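*Asks:* Got a structure here, written out as structure tokens. Questions coming.
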Amino acid sequence: MLNTFSQNQRFFKVLCHGNNMQKEEAILIMDNNFNLEKFKQVLHYIISKAGGFDNVGKTLLFKMMYFSDFDYYELNEKSITGESYFKLPNGPAPKHFDGAIKLLKKEKKIEISNGKFFGKKQYKFISAKEPELNLLNGDELKVIDKAMKKLSAMNATQVSCYSHLDMPWKATKDKALIDYELVFYRNPVFSVREENANCTC
């Protein structure tokens, strides 16, 4: 099995090859904590479960990835994928999303199409194969499923507004990377620790 650093080196070569990509843009994938294969599995799993919904495009997928990683961090003090997220105007955005999507398409695991949702342009991502889940444990899948359930009925505008109320996004400067530690300053509406503490099931 490739270690994380080797995975990221391979990812770097895939993104740079034939794409005329600037080195400073492509080098972002060299994060030491980022697990490329795990990120791809989470993304493919979410696409397989939610990608077919009319309202789910790129913005919803961004937020499902973000809340999966940050909710898991709040519960376990580590993220699922090691991904970094930027504070952008429409909410948190994963740094490696586009590159991972290209790899999933190249591997024929997903299909991509252009469409519209209520008159607005929308990228659609549909699973073409059953996702591999061997890198994910039951606790991780449980958090991912909860994040999808929480967001899946929202449209892009609604999910963006919702993410703007989460403390990690609120406390971060525009276009900066969001610090995972900010989850510990969430209010009760967003705190998954408080949700678990209040659960009587």
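The values are calculated or read from the model by the stated rules, or taken from the named source; none is laboratory data. For clarity, every value in this text was computed on a predicted model and none was experimentally measured. Here Cβ is always computed from backbone atoms with ideal geometry, including for glycine, and neighbour counts include all displayed protein chains.
*Asks:* With in contact (Cβ under 8 Å) with a residue 12 or more places away in the chain, charged (D, E, K, R), closer than 17 Å to Ser79 by Cβ and in contact with a Ser or Thr (Cβ under 9 Å, 6 or more places away or on another chain) as the only criterion, which of Lys146, Lys124 stands out?
*Replies:* Details: Lys124 fails: closer than 17 Å to Ser79 by Cβ.
Only one candidate qualifies: Lys146.
*Asks:* For the stretch 46-58, name all the residues that are surrounded by fewer than 23 Cβ atoms within 10 Å (Cβ to Cβ) and not basic (Lys, Arg).
*Replies:* Ser48, Ala50, Gly51, Gly52, Phe53, Asp54, Asn55, Gly57
*Asks:* For residues that are loosely packed, with under 14 Cβ neighbours inside 10 Å and either among the aliphatic types (A, V, I, L, M) or in a loop (DSSP other than H, G, I, E, B) (or both), tally how many sit in the stretch 152-170.
*Replies:* Number satisfying all stated conditions: 2.
*Asks:* Find the strands (runs of 3 or more DSSP E) located wholly in the stretch 44-151 whose residues include 2 or more that are under 28 Å from Glu181 (Cα atoms) and of a type outside the set (Val, Ile, Thr), and list them. Before you say what the answer is, go through the steps one by one.
*Replies:* Details: elements: 85-88, 91-94, 110-117, 120-127.
Those strands (runs of 3 or more DSSP E) span 85-88, 91-94.
*Asks:* Only one of (1) touching a strand residue (DSSP E or B) at 6+ places or on another chain (Cβ under 6 Å); (2) under 21 Å from Thr81 (Cα atoms) is not met by Ser160, so which one is it?
*Replies:* (2)
*Asks:* Determine which single condition His96 fails, assuming it passes every other condition in (1) surrounded by fewer than 23 Cβ atoms within 10 Å (Cβ to Cβ); (2) farther than 22 Å from Val189 by Cβ.
*Replies:* Unmet for His96, out of (1) surrounded by fewer than 23 Cβ atoms within 10 Å (Cβ to Cβ); (2) farther than 22 Å from Val189 by Cβ: (1).
*Asks:* Go over the candidates Gly52, Gly99, Gly57 one by one and state the one that is touching a residue at least 12 places away in the same chain (Cβ under 8 Å) and out of contact with any strand residue (DSSP E or B) (no Cβ under 9 Å at 6 or more places or on another chain).
*Replies:* Going through Gly52, Gly99, Gly57 in turn, just one is touching a residue at least 12 places away in the same chain (Cβ under 8 Å) and out of contact with any strand residue (DSSP E or B) (no Cβ under 9 Å at 6 or more places or on another chain): Gly99.
*Asks:* When only residues in the stretch 113-132 that are surrounded by fewer than 14 Cβ atoms within 10 Å (Cβ to Cβ) and of a type in the set (A, V, I, L, M, F, W, C) count, which is nearest to Ala156 (Cα to Cα)?
*Replies:* Looking only at the stretch 113-132, we keep the residues that are surrounded by fewer than 14 Cβ atoms within 10 Å (Cβ to Cβ), and these are 113-116, 118-121, 123, 126, 129-130, 132.
If we keep only those that are of a type in the set (A, V, I, L, M, F, W, C) as well, we get 118, 126.
Values: Phe118: 11, Ile126: 17 Å.
Only one residue fits best here, namely Phe118.
*Asks:* Another question, if that's okay. Considering (1) more than 16 Å from Val56 (Cβ to Cβ); (2) at pLDDT below 95, say which one Leu133 fails and leave the rest.
*Replies:* (2)
*Asks:* Do we find a residue being modelled with pLDDT of 95 or more, within 21 Å of Gly57 (Cα to Cα) and over 18 Å from the mean Cα position of the chain (by Cα) anywhere in the stretch 178-193?
*Replies:* no
*Asks:* In this structure, does Leu182 turn out to be outside any helix (DSSP H, G or I), out of contact with any Leu (no Cβ under 8 Å at 6 or more places or on another chain), free of Cβ contacts under 8 Å to residues at least 60 places away in the same chain and under 22 Å from Phe86 (Cβ atoms)? Write out each step before concluding.
*Replies:* Details: outside any helix (DSSP H, G or I): no; out of contact with any Leu (no Cβ under 8 Å at 6 or more places or on another chain): yes; free of Cβ contacts under 8 Å to residues at least 60 places away in the same chain: yes; under 22 Å from Phe86 (Cβ atoms): yes.
Against the criterion (outside any helix (DSSP H, G or I), out of contact with any Leu (no Cβ under 8 Å at 6 or more places or on another chain), free of Cβ contacts under 8 Å to residues at least 60 places away in the same chain and under 22 Å from Phe86 (Cβ atoms)), Leu182 does not qualify.
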